[in-house]
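Structure first, commentary second.
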Amino acid sequence: MNPPRRGTPDFLLLFLTFVLVCFGLAMVFSASSMTSAFYDKYNNDPWFFTKKQLMAVGLGTVGMLFCMNLHYTKLKKLVIPAFFVIVVLLVLVIFTSKSNGAASWFNVGKFGIQPTEFAKLIVILYLASLISNKEEKFRNFKKGLLPALVIVGFVSILIMLQPDLGSCMILLVCSAIVIIVGGSNLKHIFFLGTGLAAIGTMVVTLYLLKNNTAETSSSYRVNRLTSFLDPWADTSDTGYQVVQSLFAFGHGGLTGAGFGQGIQKLHYLPEAHNDFIFAIIGEEFGFIGSSLFILIFLLFIWRGILVAVRSPDLFGMVAGVGIMSIFAFQAVINIGGVTGSIPLTGVTLPFISAGGSSMMVSLISMGILLSISREQTHKEDAKPKKRPNRFQ
């Protein structure tokens with residue numbers, strides 16, 4: 001007996017993913033070519049970062065096609081071993097050499113792998129599997145919510161030991177969204193959230209007071225986090241990146257300087273091809289181009305959520321919403337930090353910033369969403385079509 005035919009992937013979601021990836025490749029080249037051509041460590045190759053990003057796109061596309069053609073419910077069997085593997089990697093990465101004050105990477109030849117990027121997706125899938133298996137029992141605190149909190153808390157601690165505040169925030173917020181969407185008792189969420197907010201505020205306050213009293217690496221990170229309040233107070237150090245980013249938006253104006261014509265990427269704005277790539281978009285395409293990009297990204301988020309909520313089962317719905325919440329919250333943190341609206345946390349802009357791990361995980365995540373969408377189109381195709389009434 002032949003297996004039932006699956007539907008086609010959601011074309012609009014696939015097309016928007018393709019648009020974002022292509023635009024990201026173009027912006028990585030524009031933002032990095034002059035820098036990589038200048039330094040010997042990049043082989044004086046203007047295509048250095050673009051080639052690495054292309055390789056990540058290639059590997060990620062293979063992963064996307066695999067997940068798109070794999071029935072998404074089969075991920076339930078894979079997510080538990082994947083969870084244990086990622087926990088081991090998160091433990092091991094803590095003992096690697098630090099770069100920019102954090103130990104977040106494994107170097108494999110000329111490439112780097114960031115386990116945290118994979119951890120966010122795997123934790124979301126783990127929670128979705130847990131919620132779908134327990135169903136109504138998930139409303140029980142001890143049997144449902146508590147195991148989920150232990151999983152999220154444990155992984156968050158491992159991420160903060162690197163330390164990686166931005167990724168930890170994304171994991172916590174997106175996990176909370178998944179737990180709420182999964183049907184957790186809202187009373188439990190309210191009391192737990194209130195308690196955690198109070199404890200978090202107290203811990204952050206004590207941390208700020210303690211580390212601002214001495215010139216330590218921790219106090220420097222605190223100053224970097226709080227510099228967004230007044231970046232002009234220290235334009236040569238803690239506020240330098242934000243100020244240079246704002247200069248980029250100012251130079252771009254309404255219509256932009258033109259693709260490839262930005263000047264802030266010329267050794268003025270650090271990490272122009274990575275964390276601050278949205279500033280280069282603002283400089284080269286202006287307010288109009290930046291707004292158009294945000295609108296396209298919002299359309300992408302909306303379509304992904306629509307695919308998720310139309311899922312035929314709870315696992316697909318919860319996993320889909322969790323995946324799209326990662327994209328949405330990560331974009332908010334990146335754009336907010338680059339525009340000086342919120343503290344800088346070193347979070348990449350999905351599909352746009354240079355980063356092999358981020359790109360691969362993003363494309364694999366889209367493969368899962370597209371797999372979910374195939375079941376929806378199959379159900380629609382299976383519905384009997386009404387014949388038109390010629391007598392009306």
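The values are calculated or read from the model by the stated rules, or taken from the named source; none is laboratory data. All figures in this text were calculated on a predicted structure; none of them were measured in a lab. With ideal geometry, Cβ positions are generated from the backbone for all residues, glycine too; neighbour counts draw on all protein chains shown. Note: areas computed on protein heavy atoms with side chains; ligands, DNA, RNA excluded. Shrake-Rupley method; radii C 1.70, N 1.55, O 1.52, S 1.80 Å.
Please compare each pair in Lys76/Lys142; Lys51/Lys120; Lys74/Lys134; Lys52/Lys77 to a cut-off of 29 Å on the Cα-Cα distance and tell me which ones are over it.
Violating the 29 Å Cα-Cα cut-off are Lys52/Lys77.
Which order do Tyr72, Tyr240 take by accessible area at a 1.4 Å probe, largest first?
Tyr240, Tyr72
Protein chains only, probe 1.4 Å: how do Asp164, Asp234 rank by accessible area, largest first?
Listed by decreasing accessible area, they come as Asp234, Asp164.
In what sequence, highest mean first, do 16-27, 270-281 appear when ranked by Cβ atoms within 10 angstrom?
Answer by packing, highest mean first, reads 270-281, 16-27.
Rounded, prolate or oblate: pick one for region 295-349, where a ≥ b ≥ c are the square roots of the eigenvalues of its C-alpha gyration tensor, a/c under 1.5 means rounded, and failing that, prolate if a/b is larger than b/c, else oblate.
Since a/c reaches 1.5 and a/b is larger than b/c, the shape of region 295-349 is classed as prolate.
Given charges of +1 on the Cβ of Lys and Arg and -1 on the Cβ of Asp and Glu, with all other atoms neutral, how large is the dipole of region 1-96 about its Cα centre, in debye to the nearest 20?
So the dipole magnitude of region 1-96 works out to roughly 460 debye.
Kindly report the accessible area of region 269-340 per residue (heavy atoms of protein chains, probe 1.4 Å, no ligands, DNA or RNA), in Å².
In whole numbers, region 269-340 has 32 Å² accessible per residue.
Any idea of the accessible area per residue across region 1-97, 1.4 Å probe, to the nearest Å²?
The answer is 59 Å² per residue.
Which shape class applies to region 243-356: rounded if a/c is under 1.5, otherwise prolate when a/b exceeds b/c and oblate if not, where a ≥ b ≥ c are the square roots of the Cα gyration tensor eigenvalues?
It comes out prolate by the Cα gyration axes.
Compute the accessible area per residue over region 148-201, keeping the other protein chains in place, probe 1.4 Å, unit Å².
Counting only protein heavy atoms, the per-residue value for region 148-201 is 47 Å².
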